[in-house]
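Before any comments, here is the structure.
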Amino acid sequence: MDFNMKKLASDAGIFFTRAVQFTEEKFGQAEKTELDAHFESLLARADSTKNWTEKILRQTEVLLQPNPSARVEEFLYEKLDRKVPSRVTNGELLAQYMAEAASELGPTTPYGKTLIKVAEAEKRLGAAERDFIHTASINFLTPLRNFLEGDWKTISKERRLLQNRRLDLDASKARLKKAKAAEAKATCEGDTVPDFQETRPRNYILSASASATLEDTCRPPSWAKWKEDYPGGWRRPCFFLVPLNPSLTLARGCLSLPKDGKLWNDEVDKAEQELRVAQTEFDRQAEVTRLLLEGISSTHVNHLRCLHEFVESQTTYYAQCYRHMLDLQKQLGSSQGAIFPGTFVGTTEPTSPTLSSTSPTTAAATMPMGPSVADLAPPGEAALRLEEVAPPASGTRKARVLYDYEAADSSELALLADELITVYSLPGMDPDWLIGERGNKKGKVPVTYLELLS
């Protein structure tokens, strides 16, 4: 391993300089370069985007997978870059148990037949849930994770670099300010030996390493050379910290130096040069960070598109669930009350509450009533004879079809989205259904597929 002692010492000195500057800023003992208002707003917007993205991501994961153990397992598989094993959904597991129960209790009994029908519906619900989870994970969760693990990490890295460049810039400003103050003081008091500890960069190493940087100061030169170079005499060296890059090799310890009025000007020029370099690096890094922060707007557009896809997949999932349960309800004879009249069939004498477009049941109850179903059907027969059904004397209503509907049998009327039909209700009908007419065609239609018009 190539171990560079000078580079290590230099990096440690830079870190120490930044730490001192940061601490002095926190205690109000040093000036801090403030970013412009637009830049600060970009930073706040980016932080807010990151925080809310994390919250939305976590809660969506809970929605798709309520089991925390399963979520931890999926997280580990993802970190190990391995495929997550297929997992049976709760609906599919329930369907399996119901099918096994029907097989053991008797598939020909009424209870066994019903268990089989419900098991098939639960199995379809489980398959729909699996498709929804898969689609939502790809179209919604994956883009959110990519932002947090990719774009946001890049933004965070550049922000840390910007913070370091700002600390370097403020430290350079402080050194220049001290150098100019010392120069003004020296001008008033006459030529004095500069105190380089106050004006030079604070990149220090311990005196134990000073011998590796400077020539040995503890061995006095020859007497002739001494009298020529240092007429003021020699004193023992007394430094504890040594600058890494001193400008004057002869400025060792507390040796007397030749009096030179240009020393302070050199220190000021050096501090100004360092300030110009620090300002250039800070401006360059600020521009890079600004461009990344402005890219948050593109992130919002991408997340908006993903959110629309998530809503579409969720809508499709719930629509499938509704259709499956509606089919199950029909299979169990809910429209005629053959098996569970107390559960699925509405009362024969419904009340008349205020009509509401959000409550299909109450809307059906307020529809104009025609002849009773029981009056039209022969004794012992619950089937509806559509040819004998006539619109009630109280009138009919118009309705707009919200979704396509495929008739399950000849007693129902197939519907197309956005078409207008005439509807009315009959006494004793299931409140979830109405009689619909379109031209010379007539049949039962589900209220949930309609928007009743005034």
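The values are calculated or read from the model by the stated rules, or taken from the named source; none is laboratory data. Remember, it's a predicted structure, so these values are computed and weren't measured experimentally. Neighbour counts are summed over all protein chains in view; Cβ atoms, including those assigned to glycine, are modelled from backbone coordinates with ideal geometry. These accessible areas exclude ligands, DNA and RNA; they are computed on the full protein's heavy atoms, side chains included. Shrake-Rupley method; radii C 1.70, N 1.55, O 1.52, S 1.80 Å.
Leaving ligands and nucleic acids out of the surface, order Cys321, Cys188, Cys306 by accessible area at 1.4 Å, largest first.
Values: Cys321 25, Cys188 115, Cys306 0 Å².
Ranked list, largest accessible area first: Cys188, Cys321, Cys306.
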Return the long-range amide H neighbours of Glu412 (sequence gap of 5 or more, or a different chain), with a cut-off of under 5 Å between placed amide H atoms. Lys444
Taking the Cβ of Pro107 as the center, what net charge do the other residues with Cβ under 15 Å away carry, scoring Lys and Arg +1 and Asp and Glu -1? -1
Around Leu161: net Lys/Arg minus Asp/Glu count, Cβ-Cβ under 11 Å: +3
Area projected by the alpha carbon convex hull of the stretch 1-99, averaged over all directions, nm²: 13.4
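Beyond 29 Å between alpha-carbons counts as too far, so tell me which of Lys26/Lys180; Lys6/Lys153; Lys83/Lys330; Lys83/Lys153 fall in that bin. Walk me through the intermediate numbers first.
Details: Lys26/Lys180 25 Å; Lys6/Lys153 31 Å; Lys83/Lys330 40 Å; Lys83/Lys153 25 Å.
From the list (Lys26/Lys180; Lys6/Lys153; Lys83/Lys330; Lys83/Lys153), the Cα-Cα distance tops 29 Å for Lys6/Lys153; Lys83/Lys330.
Suppose the chain between Ala44 and Val88 were pulled fully straight at 0.36 nm per residue; how much longer would it get relative to their current alpha carbon spacing?
Length gained between Ala44 and Val88: 11.6 nm.
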Debye sum, Cα scatterers, the stretch 39-177, no solvent: what log₁₀ I/I(0) at q = 0.10, 0.19, 0.21, 0.22 1/Å? -0.58, -1.11, -1.22, -1.27
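Report the calculated FRET efficiency for Val288 and Ser103 (r = Cβ-Cβ distance, R0 = 56 Å), to the nearest 0.05. Write down the numbers at each step before the final one.
Details: r = 67 Å, r/R0 = 1.20.
Efficiency, from the Cβ-Cβ distance: 0.25.
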Within the stretch 397-434, list the residues whose amide N lies under 17 Å from a label point set 7 Å along Cα→Cβ of Thr315. 401-405, 417-419
Using 0.36 nm per residue, how much length does the chain from Leu76 to Arg305 gain when fully extended, once their Cα-Cα distance is taken away? 79.6 nm
May I ask for the net charge around Arg397, where only other residues with Cβ less than 13 Å from the Cβ of Arg397 are counted and Lys, Arg are +1 while Asp, Glu are -1? 0
Quick check: pseudo-label points 7 Å beyond the Cα along Cα→Cβ at Asp11 and Ile138, how many nm apart are they? 4.4
Explain nothing, just compute: Karplus ³J(HN,Hα) = 6.51 cos²θ - 1.76 cosθ + 1.60, θ = phi - 60°, for every residue of the stretch 291-300 in order, whole Hz, x for Gly and Pro. 4, 5, 5, 5, x, 4, 4, 5, 4, 4
